[in-house]
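The values are calculated or read from the model by the stated rules, or taken from the named source; none is laboratory data. What you see is a predicted model; the values in this text were computed from it and never measured. Don't worry about glycine lacking a Cβ; one is built from the backbone with ideal geometry, like all the others, and counts go over all protein chains shown.
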């Protein structure tokens, strides 16, 4: 199957970039609203509608939710790409609809999406509210879970650019986790079902992004929604959309999430499923904090009239200014930086650091500076 061709056919062109809000997806939901597929199931803290899309007539029920964290929008884009496939009246789309019933909450946290924050309007992380259920969004998700009675749950998220795959010096473009259901992190039949799907998705993704699929940490926290649903005996999979080189809008990453959704569904629709792929799952390299957005090496600084050669790192901060998401680069680390790489690296070859006020880089300062007399850096990048 040509997954990339399918993606190009069904990519939702109206969604682009990282700042995806309710106003972006509502027109698409209206288009999908045939045969009662789309419903408003409740409201957010700020009384914004929370939508559900239920599509398909198959016996296997899959519950998917995205933008539980408002600033994690890549999987929302991929989910609409996948919904376009399901709604296409194509052979593969109809086959999926005959095998599955999908219940999708494409934006669980519309208030956080508008503000571009992880939390909801009450400044609560919904992914730590699965037991207390103090927030309306958390209550809605739990109510859908209990009504829909899914056979599988897909918890769709983004992760930061700092993550790489262990021992590879590659970014973790997509990561997965079959969450633990107890403190001992044991593997029972329920968790193994999630593991089997992850292994199938990883095997497909290795053809497209070799060594760029990670395995997320499985420390148990019953307050997290994935751990809760796993403990309630429903196989649950965490998806983490991460960084692909030069893809800060995550348009390339969304393709791989789409491929994962499709390949995972294909695996589940097979009449004969190979099970107990624990070894293959553990062979997926763990996520590791090993990247900065920028690393500048062999930079000369003048510190107390002494010249020193050092390295420093710069990281983008995603800042919403008006209705525009800006990637603003700040200095975050100075020193050896052993064990870390940069998505962008520059060897200064002992050129002297200088900015408007100082001859040394300082933490939390905007990354606008000179290296020597001829290289000007603006917002982390060489200005040409």
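Considering each of 142, 160, 118 in turn, give the residue that is over 12 Å from residue 230 (Cα atoms) and not in a loop (DSSP other than H, G, I, E, B).
Of 142, 160, 118, the one residue that is over 12 Å from residue 230 (Cα atoms) and not in a loop (DSSP other than H, G, I, E, B) is 142.
Looking at (1) buried (at least 18 other Cβ atoms within 10 Å of the Cβ); (2) touching a strand residue (DSSP E or B) at 6+ places or on another chain (Cβ under 7 Å), which is the one condition that is false for residue 319?
For residue 319, the failing item is (1).
Name the one entry in 158, 249 that is within 13 Å of the chain's Cα centre (by Cα) and under 16 Å from residue 64 (Cα atoms).
158
Identify all residues within the range 360-372 that are over 21 Å from residue 304 (Cα atoms) and assigned to a loop (DSSP other than H, G, I, E, B); write none if there are none.
367, 368
Does the range 180-190 contain any residue that is under 21 Å from residue 223 (Cα atoms), surrounded by 22 or more Cβ atoms within 10 Å (Cβ to Cβ) and in the same structural domain as residue 77 (by TED's automatic domain parsing)?
Yes, some residue in the range 180-190 is under 21 Å from residue 223 (Cα atoms), surrounded by 22 or more Cβ atoms within 10 Å (Cβ to Cβ) and in the same structural domain as residue 77 (by TED's automatic domain parsing).
Looking at residue 338, is it part of a strand (DSSP E or B) and more than 13 Å from residue 293 (Cα to Cα)?
For residue 338, the condition - part of a strand (DSSP E or B) and more than 13 Å from residue 293 (Cα to Cα) - is not met.
Any residue in the range 11-23 that is over 18 Å from the mean Cα position of the chain (by Cα) and closer than 25 Å to residue 264 by Cα?
Looking for residues that are over 18 Å from the mean Cα position of the chain (by Cα) and closer than 25 Å to residue 264 by Cα, one finds at least one in the range 11-23, hence yes.
When you look at residue 56, is it touching a strand residue (DSSP E or B) at 6+ places or on another chain (Cβ under 8 Å), surrounded by fewer than 18 Cβ atoms within 10 Å (Cβ to Cβ), modelled with pLDDT of 95 or more and on the phi > 0 side of the Ramachandran plot, yes or no?
Criteria not met by residue 56.
Cβ-Cβ under 7 Å, sequence separation 6+ or interchain: first residue in the range 60-89 and on the phi > 0 side of the Ramachandran plot and assigned by TED's automatic domain parsing to the domain that holds residue 105, partner at pLDDT 95 or above and not in a strand (DSSP E or B). Which pairs?
Close Cβ pairs (under 7 Å, with a partner that is at pLDDT 95 or above and not in a strand (DSSP E or B)) amount to 67/73; 67/76; 67/107; 67/108; 67/109; 67/113.
Going by the structure shown, is residue 299 within 30 Å of residue 357 (Cβ to Cβ), in contact (Cβ under 8 Å) with a residue 24 or more places away in the chain, under 24 Å from the mean Cα position of the chain (by Cα) and in a strand (DSSP E or B)?
No.
Quick one: in the range 264-281, of everything that is at pLDDT 85 or above and not in a helix (DSSP H, G or I), which residue is surrounded by the fewest Cβ atoms within 10 Å (Cβ to Cβ)?
270
Restricting to the range 229-263, name every residue that is surrounded by fewer than 24 Cβ atoms within 10 Å (Cβ to Cβ) and within 19 Å of residue 128 (Cβ to Cβ).
231, 232
Every residue, every condition in (1) in contact with a strand residue (DSSP E or B) (Cβ under 7 Å, 6 or more places away or on another chain); (2) farther than 25 Å from residue 175 by Cα; (3) not assigned by TED's automatic domain parsing to the domain that holds residue 377, yes or no:
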position	(1), (2), (3)
306	no, yes, no
323	no, yes, no
333	yes, yes, no
345	yes, no, no
362	yes, yes, no
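How do the pairs read when you match residues in the range 355-384 that are at positive phi with residues anywhere that are assigned to a loop (DSSP other than H, G, I, E, B) and modelled with pLDDT of 95 or more, using Cβ under 8 Å and keeping only pairs 6 or more apart or on different chains?
372/348; 372/351; 379/367; 379/368; 380/367
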